[in-house]
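Read the structure below first, then the notes.
The values are calculated or read from the model by the stated rules, or taken from the named source; none is laboratory data. Every value quoted in this text rests on a predicted model; they were computed, and no experiment measured them. Note: ideal-geometry Cβ built from the backbone for every residue, glycine included; neighbour counts use all protein chains shown.
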Amino acid sequence: MLTGFDFELPAVDLIAGVDEVGRGPLIGAVVAAAVILDPNNPVAGLADSKKLSEKKRDALYPEIMDKALAWSLGRAEVEEIDQLNILHASMLAMRRAVMGLSIVPQHVMVDGNRCPDLPYPCTAVVKGDSKVEAIAAASIIAKVSRDREMLELDAKYPGYGIAGHKGYPTKVHMQALLDLGVTPCHRRSFGPVKKLLMNG
């Protein structure tokens, strides 16, 4: 578990942390979040969303939304992923999240090794969700938001086990694709789906 965030931040007040969730799954949108935390109203227990239990993420989700100065979601849909590729779609989702903020950030900190095209100063931070609090907050907002969308897809397309694997290419998911076929929400440009469509 993280003990603290020691990354040296830019000397400005309004820092937006940005992260995305959903690059690896075979189904659904890629979802990004941007969060500007309030230094005077801290959120205890922030950490990389992947290192937190679902229960802890669900508890932090409304608290981040309540205490943050601003937060926003951005997304790139399946059609955009297939058209642009997942990297460019992820950049687009992150850009949409930042541009949707109700407050203009003075600096943007993005998880990863590259920044989306933005009209603001931006720093890419590898493993940023464990180094920068605002990125950790964004990772939680993005993760919980996308997981809830997966539950909705699970109800819409029963039999694929989406609630369990969240769209990732597990054995259960791959078998369901073979048995039930490709849904309109599957990413047709992704190898396993593309192969099935070619062979089908």
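Quick look at the numbers
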quantity	calculated
Region 98-122: number of residues that are in a strand (DSSP E or B), surrounded by fewer than 22 Cβ atoms within 10 Å (Cβ to Cβ) and out of contact with any Pro (no Cβ under 7 Å at 6 or more places or on another chain)	1
Some residue of region 183-196 being closer than 22 Å to Leu14 by Cβ and touching a His at 6+ places or on another chain (Cβ under 6 Å)	no
In region 170-191, residue farthest from Asn85 (Cα to Cα) [restricted to those that are within 22 Å of the chain's Cα centre (by Cα) and outside any loop (DSSP other than H, G, I, E, B)]	His173
Residue in region 147-169 that is in contact with a Leu (Cβ under 8 Å, 6 or more places away or on another chain) and assigned to a helix (DSSP H, G or I) present	yes
Qualifying residue in region 89-97 (condition: in a loop (DSSP other than H, G, I, E, B) and either surrounded by fewer than 20 Cβ atoms within 10 Å (Cβ to Cβ) or touching a strand residue (DSSP E or B) at 6+ places or on another chain (Cβ under 8 Å) (or both))	no
Pick from region 144-163, criterion in contact with a helix residue (DSSP H, G or I) (Cβ under 7 Å, 6 or more places away or on another chain) and on the phi < 0 side of the Ramachandran plot, ranking: surrounded by the fewest Cβ atoms within 10 Å (Cβ to Cβ)	Leu151
Test: residue in region 87-101 that is β-branched (Val, Ile, Thr) and within 15 Å of Ile141 (Cβ to Cβ)	yes
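To keep it simple, each residue is scored yes or no on (1) at pLDDT 95 or above; (2) of a type outside the set (S, T, N, Q); (3) out of contact with any helix residue (DSSP H, G or I) (no Cβ under 7 Å at 6 or more places or on another chain).
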position	(1), (2), (3)
Pro25	yes, yes, yes
Pro39	no, yes, yes
Leu46	no, yes, no
Ser49	no, no, no
Glu63	yes, yes, yes
Asn85	yes, no, yes
